[in-house]
Structure formats: C-alpha cells, structure tokens
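Colleague: I have a structure I would like to understand better, so I am pasting it below and will then ask my questions one at a time.
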Amino acid sequence: MTSRVSEVGGEKAGTRLSGSQIVCESLLRAGVDVLFGIPGGAAIPFYDVLLEYPFRHVLVRHEQAAAHAADGFGRATGRPGVCVATSGPGATNLVTGIATAFLDSSPMVIITAQVPTSYIGKDAFQEIDITGITLPITKHNYLVESVHEVGRVMKEAFHIAGTGRPGPVLVDLPKNVLTDHSIWDPVEPLKLLGYRPTLFGHRAQIRRAAQMINGARKPVIVAGRGVIISGASEQLLKLAETAHIPVATTLLGIGAFPETHDLSLGMLGMHGELSANRAISEADVLLALGMRYDDRATGKVSAFAPNAQIIHVDVDPAEIGKNVRVNIPIVGDVKNTLSVLINEISPADRSDWVAEIETWKTIPRNGQILNGSPTAEGVMTALRDVTKGQAMIVTDVGQNQMWAAKNYCYTRPNSFISSGGLGTMGFGLPAAIGVKIGCPDEDVWVISGDGGFQMNLQELSTIAQEKLELKIIILNNGYLGMVRQWQELFYHSRYSQTKITGPDYVKLAEAYGIPAYRVEKAEDVASTLEKVARTPGAVIAEFVIPPEANVFPMIPPGATIEDSLFEEEDE
Amino acid sequence: MTRSHTIVALVEDRKGVLNRVVSLFRRRGFNIESLTVGRTDVPQISRMTIVIHGTDPIVEQLVKQLYKLIEVLKVSEVNVEESVVRELALIKVNATASTRSEIMQIVDIYRANIVDVTRDSVVIEVTGPQAKVDSLVSLLRGFGIKEVARTGHVAMIRGSMATARASTYFQESDWKNAAATQTTSDSY
Ligand SMILES: Cc1ncc(C[n+]2csc(CCOP(=O)(O)OP(=O)(O)O)c2C)c(N)n1
Ligand SMILES: [Mg+2]
C-alpha cells in the first residue's frame, strides 16, 4: 500500500487540477488500483478523467454489488476497497452494501457524485441527501462543498476508513466540485483532532490480565474478527500454545485460529459447536479478543460465560462493556496487546481442562448419505478435500452460510468471508468479485443459497466481462431455507412465503457464457467439484440438496445452551 | 438507577456536527432533556451542553459513542453539585396597570429583569438554575403567561481547573493561520 505512494502523485504536486483529477491523484497516493462502480450524470466528469488514469474500473451491474465488491476487497486485503456511484439512485443503491461493511468493520471508501452545489436543497433531478442517509452506517462521511477541500477530505477518508476499527467512509462530491480547479497539494498534513484511535493497550491492565490468565484453571479464548483485522493470528497461536488455552471463534473470527489445531473449539454461538458453547459456560476466565458480543454469538446475555472473569480486548472502547460485563477492559489493537501480554504469560499445562472439553465434542454427521441426494455438509467436506482446505470461501447468508462455516475446516485468516452483522443475502457473489480481484492468486469459491443467489445474479455478467476465475456453488434447497427452518422449529412448520423457485441455473450460466453443472446425486459431488476446480475461468455448480435439511445444533434466539436443539436421530 | 446527567462536549465546528450528535442520541434510544450549542473562545470549536436521563452505564456508553464521532474532541460529565449550571428564560406575561407592580416585586426577588413593557404585558428575562426558572414560571402563571422561551442548560465546573478547554486543541496561531490559508485558496 505504501510502496506505490512515493512513485506516483508527486509529479503533479503544486499544479492546478480539477476536483476529479484531485480525487484520482488522491486514490493513487492511497495505493488504490481498482474501483468498482457505475457512472451516471453527475459522475461523468469523474469518469471522464478516469480515462487518463491507470486504475482498473470494474463495471458492476448494480451499485449494491459495487459496495459488496469493495467490501470483499477490503476484507480480503485489509486495504480500503473503493466504490463509485452517481448521485440519487446510484448512491441509494449502495446503501445495503455500506451498512454491511459498517457492521463488519470493513475498510471502504465510497465516492458518490452529487448535483451541483447551487442545486442542493432544491430537490434537483437525482438529488438525494446521501450523507444524511448514510450517517448511521458510515464511520464518517463528507459532503465536499469546495474543490479546495477535495485533497484533504480524500486523505482523511482513507485514513479514517483504514485505521483503528476500520469502516466505510463516504465522500459526496457535487458535480461542480468535480469540475472546478484547485492546486493539488498532496503533502497537506492531516488535522484530525478528534480522531486518535488507541492502539496500545494499557500496560497495567495487560499485566492484570496476564495474572488472571496465569491463575486460571479453565480459561477460554474467544477470537473475533479483530484478531484477523489486526493480523494477530500468530500471536494468538503462541499465546494459546504457551498457556494451553482452547480457542473458540466468532463467525467472523473463523480462520483467526487454525481449526485443525488440538486447541481449536470451532465456532461459538447460535449454530456453534456444542463443546465451544459449553466450554464458555464452564470457563473461569474468558479472554475475548476483537469481538463485540453480538447476540447471535452470546445467546441470552445474562447466561453467557456465567462463571467467568472476563478480559476484553478491543480497539473500539465503545464495544467494551456494551453488551457483556467485563472485569479487565483493555482498549487497544489485538496484535499490539497480545505481543505485550505474551511476555507475562507463564507456560502451563491445562490438559485436564482440554480433555474435559474433548468429551463434549460431538461427532459431526457430515450428512454422508451416499446414493441419495447431495447434502450441504457433504458438499463442503468434499470441497475441503478438493481444495486441500486452502481456498478462500465467500458465503451468502442463510443455512448455506452456516454449513460453509462449520464444514470446511479453516486454517488461514481471511479464508472465510461472510456478512455477519447485517446478514445480507446477496452478499456472496459480488463480494467474491472484490475478493478475487484483491487476491488474484487465491482460489476463491462462492457458497450461496438459491434465494440469495437470485438477489444479485446480475453480477454473473460482470464476472464474465472481467473474466474472473470464480467458482460458484449454489446449494439449492428450493427454500429460503434458514427462514423455513425457523418456521419449522418455532412456528409449527407454517411455511409462509419461503418456498422459492429458480431458473434453470445451467441454462442461465450458459446465457452468460459460463460453464455450469447440476448435481443431483451424492456420488457425483466430489468428481464435479474436481471438474469445477480444473476448469479455467468462472464455473457454476448447482447442488440439489434435501429441501428441508436443518442446521444443527441450534440455540434458539435469546436462549441458553440448555435449550439447544439437535438433529433427530431417525432423520 | 436512572438520573439526570449533564454532559459537556467540545466539538469541531464542522458542518452537520449538531446533526451527527442528535442523530446518535436518537439511534441509541436516548431522550435529550436539553441541548445547547454555542461558540467557545476558539472559533473552530463549539461547546454543547446536553442533559439526558439514564443509568450510569448507559450514559457511559453514550459518552463512548460520542467520542466515536470524528468531530468530537472532548466529552465530560459535569457533576452538578460542583458546577455552575445556568439557564436563561424569557417569559411574556399579562400585566395590567393593577398587576404590574406585583409582578415587578416578584421579578426583583428573583433578580430577574423586565426587558420589554407594553400596556398589557411585560417580557421578563431570568437567569439561573433550572429550579429557579421553574419556580418563577409557576409564580407568574397566575397572571397569565403568553409565551416562555428557555435556552436549556450551560454548565461549567467551579474552581480553577478547566475540564473542557477549547484552546487545548487549537492555538490562536493555528486558527489565524487556518483563516489565512482559507483566504488564499479561495482566491483561485
Ligand atoms: C437481504 C435479506 N433479506 C432477507 C433476509 C432474511 N433471510 C435470512 S436467511 C434467508 C433465507 C436464505 O435463503 P437461501 O439464500 O436460499 O439460503 P438457504 O438458507 O436456503 O441456504 C432469508 C430470507 C436476509 N438475511 N437478507
Ligand atoms: Mg435455499
């Protein structure tokens, strides 16, 4: 990110440029090389100038996809993804994608064009108050009123989006600001008096935490996405091994700790491993790292880790004590904090505790029903074998997301990318565009349900145009499955508006020039996945799975581990 | 236990900052009892005094959320017992020849001022803690109140310590320079 900065942007310093050019120069200096977007009236001056710059611009088919792609890019690379939209409907189409990024702390810079300043407030054609609309779903936003502010605002936007707890920052640029001229001064220092994230945890607090951990008999670590964002996986591994502490992850923390490790408990929460949830219930010390105690993770808050002293490390002070009581709060970057903490941790052997947890582990059923229809678990385990557990998995939302989370066995940070906080159906396919472009050397697989796939399938066209090597799996159960599961379990199987049809996915893919397979037999799962993996370019594989399979175990919303629901044996 | 909390926030005076603060309160489910905004001794910094009802942990969470706003420089909760808390009110009251002198006596007792007189009304200006303004308003009710305008609280800790000092964030030279740069860049 920084290496390019010195090479570019310098030569035009001190010259008179248009607002559009200053935006582009700022993007270059921020190390940006790809933008996702769609042009429109107010954005034309920006797109005009874009022709003179070396960016790759990915023309999506709906602005929501631009936001998800930028979000995927940001999650996968740790650098802010950038999306662009025109004023009015272009900007409002971004909203779901911005909210998705906001809730999952994904770094993103959003550029929207706006009607000229003299029209603002007059309900002009395609005028919409996008800074007002996105106020609660951005880390910060700007309506730039003068070309002289463009350079400073762009610099601030990237700084705010990418530092501390990352998040989306929107810059709204009126058309006349894009065409007016000003002197481009790239060295303008930042003056953000009110923005100074605390990156280093308080030493005394860290020492207290170390003492508490050293004295613990039944400690558990919970790793959230903050571990991945701060790049602390190595430190986490060292801490867990030195102190012999089992590690559970949140949904978005998957990959922070290798699931192949003896100390891995897998995912906690509503659809988490029983053993992980039980370990947390019995723990005497809980070390929560870079996580925010979402209710899908905690269940009934008052029953969460009832016996534990809680140490909570997070870069965002507002997360500490927000949902769950805390005994030792530490505000700081997880990596920095663990690097210090580790020096004060005494090596320990907690085999009794680890062995006790082991007895709670259930044998995964993996749904290996041969000669029957493929099961989602079977598809995911076969995919793990075919890709040797080394692919990046981008999921949609619903049952498919949980099956993907629980049956692949993730070992690397960022190998599982999913919409957690907002749970946005339609996220998977467009987000994967950004993931693949951000990590071109990785194998990127999309796992989607049939419902969510139909929410943004127009992006197949983008994928074809950009010739992206994306492997797309549709788990087709003919239902909005996760909602159907809730209706089955909590609403007496009254299936209201959850049965859903879809197109012939093979023909659909063909229309986009993408090869596709439909798999209806379990025995064909592995061989088809092999074929998909070997076929160059984008490929779609549809797996027709049992319509009413459920995700288990499940702790009903607002309930406790005692209320867990399991698969019926005779099913 | 819920109680009244008085919070003082120093904010950078950028466009939309009041909207950000108010929107934050709405989003997090807080009812604002009173909110005042005004300039400080530093032109780029405004001072807000916000009175809200809530439990201590909830207000602590609110303070943290306020800090997340980029323009917010400093947030402190003011202990009312250790502070000067004032509010200003304008009260328009019916006042005939027969009642005017009685009203004037009340105004005197409250060390308030009559700032406008007509044949049948007066406008009273009063400053003080909320309770004083409340009690004056209720005393005047019998004469027939036409209008009341109250500013809401401003607050400052007593003693020499400054808990929300604007000049910590901008030196005078800073804002003079900033003003100078502004003029040059505007001349393009
Ligand atoms: C945009 C959006 N709309 C609605 C929902 C509610 N919702 C959650 S899961 C789900 C069903 C998903 O169905 P499908 O994509 O087929 O996946 P499945 O659960 O069947 O694997 C729905 C409708 C949502 N999360 N996001
Ligand atoms: Mg489905």
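Colleague: Do we find that B:R141 is outside any helix (DSSP H, G or I) and more than 24 Å from B:T36 (Cβ to Cβ) in this structure?
Modeller: No.
Colleague: Just name the residue that is surrounded by the most Cβ atoms within 10 Å (Cβ to Cβ) out of those in region A:156-165 that are within 11 Å of chain B (Cβ to nearest Cβ) and of a type in the set (G, A, S).
Modeller: By that ranking, first place goes to A:A157.
Colleague: Any chance you could count how many residues in region A:477-493 are near ligand 1 (Cβ under 7 Å from one of its atoms), open to solvent by 40 Å² or more (accessible area, probe 1.4 Å) and part of a helix (DSSP H, G or I)?
Modeller: Total satisfying the criteria: 1.
Colleague: Restricting the search to region A:475-510, which residues are more than 10 Å from ligand 2 (Cβ to nearest atom) and on the phi > 0 side of the Ramachandran plot?
Modeller: Once the filter is applied, which keeps residues that are more than 10 Å from ligand 2 (Cβ to nearest atom) and on the phi > 0 side of the Ramachandran plot, region A:475-510 yields A:H492, A:S493, A:Q497.
Colleague: What's the number of the only condition in (1) free of Cβ contacts under 8 Å to residues at least 60 places away in the same chain; (2) surrounded by 24 or more Cβ atoms within 10 Å (Cβ to Cβ) that A:E241 fails to meet?
Modeller: So A:E241 meets the others, but not (2).
Colleague: Can you pull out every residue in region A:54-91 that is in a strand (DSSP E or B) and open to solvent by 10 Å² or more (accessible area, probe 1.4 Å)?
Modeller: A:R56, A:H57, A:L59 - these are the residues of region A:54-91 that are in a strand (DSSP E or B) and open to solvent by 10 Å² or more (accessible area, probe 1.4 Å).
Colleague: Would you check which residues across region B:48-66 are within 22 Å of A:Y195 (Cα to Cα), within 14 Å of chain A (Cβ to nearest Cβ) and in contact (Cβ under 8 Å) with a residue 12 or more places away in the chain and list them?
Modeller: Within region B:48-66, B:M48, B:V59, B:Q61, B:L62, B:V63, B:Q65, B:L66 qualify.
Colleague: If the requirement is being away from every other protein chain (no Cβ under 14 Å), more than 12 Å from ligand 1 (Cβ to nearest atom), of a type in the set (A, V, I, L, M, F, W, C) and touching a Gly at 6+ places or on another chain (Cβ under 9 Å), which of these qualifies: A:I474, A:I514?
Modeller: Checking each option against the conditions leaves just A:I514.
Colleague: Would it be correct to say that A:R412 is closer than 30 Å to A:K218 by Cα, of a type outside the set (S, T, Y) and open to solvent by 40 Å² or more (accessible area, probe 1.4 Å)? Lay out the reasoning, then the answer.
Modeller: Numbers: closer than 30 Å to A:K218 by Cα: yes; of a type outside the set (S, T, Y): yes; open to solvent by 40 Å² or more (accessible area, probe 1.4 Å): yes.
Here the answer is yes, as A:R412 does meet what is asked.
Colleague: In region A:116-129, is there at least one residue being over 22 Å from A:L252 (Cβ atoms), surrounded by fewer than 24 Cβ atoms within 10 Å (Cβ to Cβ), without any contact (Cβ under 8 Å) to a residue 40 or more places away in the chain and at the interface with another protein chain (Cβ under 10 Å from one of its Cβ atoms)?
Modeller: The answer is no; no qualifying residue exists.
Colleague: Another one. Of the residues in region A:439-460, how many are crowded, with 24+ Cβ neighbours inside 10 Å, hydrophobic (A, V, I, L, M, F, W, C) and within 10 Å of ligand 1 (Cβ to nearest atom)?
Modeller: Looking only at that region, the number is 2.
Colleague: For the condition under 24 Å from the mean Cα position of the chain (by Cα), within 14 Å of another protein chain (Cβ to nearest Cβ) and over 26 Å from A:A256 (Cα atoms), what is the one hit in A:V187, A:V177, A:V171, A:V153?
Modeller: A:V171
Listed here are the residues, each with its yes/no results for (1) part of a strand (DSSP E or B); (2) modelled with pLDDT of 95 or more; (3) within 25 Å of A:L274 (Cα to Cα); (4) in contact with a helix residue (DSSP H, G or I) (Cβ under 9 Å, 6 or more places away or on another chain).
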{"site": "A:S461", "(1), (2), (3), (4)": "no, yes, no, no"}
{"site": "A:L475", "(1), (2), (3), (4)": "yes, yes, yes, yes"}
{"site": "A:Y495", "(1), (2), (3), (4)": "no, yes, no, yes"}
{"site": "A:L508", "(1), (2), (3), (4)": "no, yes, no, yes"}
{"site": "A:Y517", "(1), (2), (3), (4)": "yes, yes, no, yes"}
{"site": "A:E542", "(1), (2), (3), (4)": "yes, yes, no, yes"}
{"site": "A:P557", "(1), (2), (3), (4)": "no, no, yes, yes"}
{"site": "A:E571", "(1), (2), (3), (4)": "no, no, yes, no"}
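Colleague: Pairs only if they're at least six apart or on different chains, beta carbon under 8 angstrom, first in region A:534-547 and closer than 22 Å to A:E377 by Cβ, second of a type in the set (D, E) and open to solvent by 20 Å² or more (accessible area, probe 1.4 Å); list them, first residue then second.
Modeller: A:V544/A:E520
Colleague: While we're on this one: Would you confirm, using the coordinates I've provided, whether B:K146 is open to solvent by less than 60 Å² (accessible area, probe 1.4 Å) and either assigned to a strand (DSSP E or B) or of a type in the set (D, E, K, R) (or both)?
Modeller: no
Colleague: May I pose another question? Somewhere in region A:260-281, is a residue surrounded by 24 or more Cβ atoms within 10 Å (Cβ to Cβ), in contact (Cβ under 8 Å) with a residue 60 or more places away in the chain and farther than 25 Å from A:A355 by Cβ?
Modeller: Among the residues of region A:260-281, not one is surrounded by 24 or more Cβ atoms within 10 Å (Cβ to Cβ), in contact (Cβ under 8 Å) with a residue 60 or more places away in the chain and farther than 25 Å from A:A355 by Cβ, which makes the answer no.
Colleague: For the structure I just gave you, tell me whether A:Q390 is of a type in the set (S, T, N, Q), open to solvent by 10 Å² or more (accessible area, probe 1.4 Å) and either assigned to a helix (DSSP H, G or I) or within 14 Å of ligand 1 (Cβ to nearest atom) (or both).
Modeller: no
Colleague: Ok, one more. Considering (1) within 14 Å of chain B (Cβ to nearest Cβ); (2) crowded, with 24+ Cβ neighbours inside 10 Å, say which one A:I221 fails and leave the rest.
Modeller: (1) is the only condition that A:I221 fails.
Colleague: Next question. A:G434: part of a helix (DSSP H, G or I), outside the structural domain of A:V84 (by TED's automatic domain parsing) and within 15 Å of ligand 2 (Cβ to nearest atom), yes or no?
Modeller: Judged against the criteria, A:G434 is not a match.
Colleague: Based on this model, can you work out whether A:I133 counts as surrounded by fewer than 18 Cβ atoms within 10 Å (Cβ to Cβ) and within 24 Å of the chain's Cα centre (by Cα)?
Modeller: Working: surrounded by fewer than 18 Cβ atoms within 10 Å (Cβ to Cβ): yes; within 24 Å of the chain's Cα centre (by Cα): yes.
It is true that A:I133 is surrounded by fewer than 18 Cβ atoms within 10 Å (Cβ to Cβ) and within 24 Å of the chain's Cα centre (by Cα).
Colleague: I need the full set of residues from region A:497-506 which are away from ligand 1 (no atom under 11 Å from the Cβ) and outside any loop (DSSP other than H, G, I, E, B), in order please.
Modeller: If the condition is that a residue be away from ligand 1 (no atom under 11 Å from the Cβ) and outside any loop (DSSP other than H, G, I, E, B), then A:Y505, A:V506 are the ones that fit.
The values are calculated or read from the model by the stated rules, or taken from the named source; none is laboratory data. All figures in this text were calculated on a predicted structure; none of them were measured in a lab. FYI the Cβ positions are ideal-geometry reconstructions off the backbone, even for glycines, and counts take in every protein chain you see. Protein only, heavy atoms only, side chains kept; ligands, DNA and RNA dropped before computing areas. Shrake-Rupley method; radii C 1.70, N 1.55, O 1.52, S 1.80 Å.
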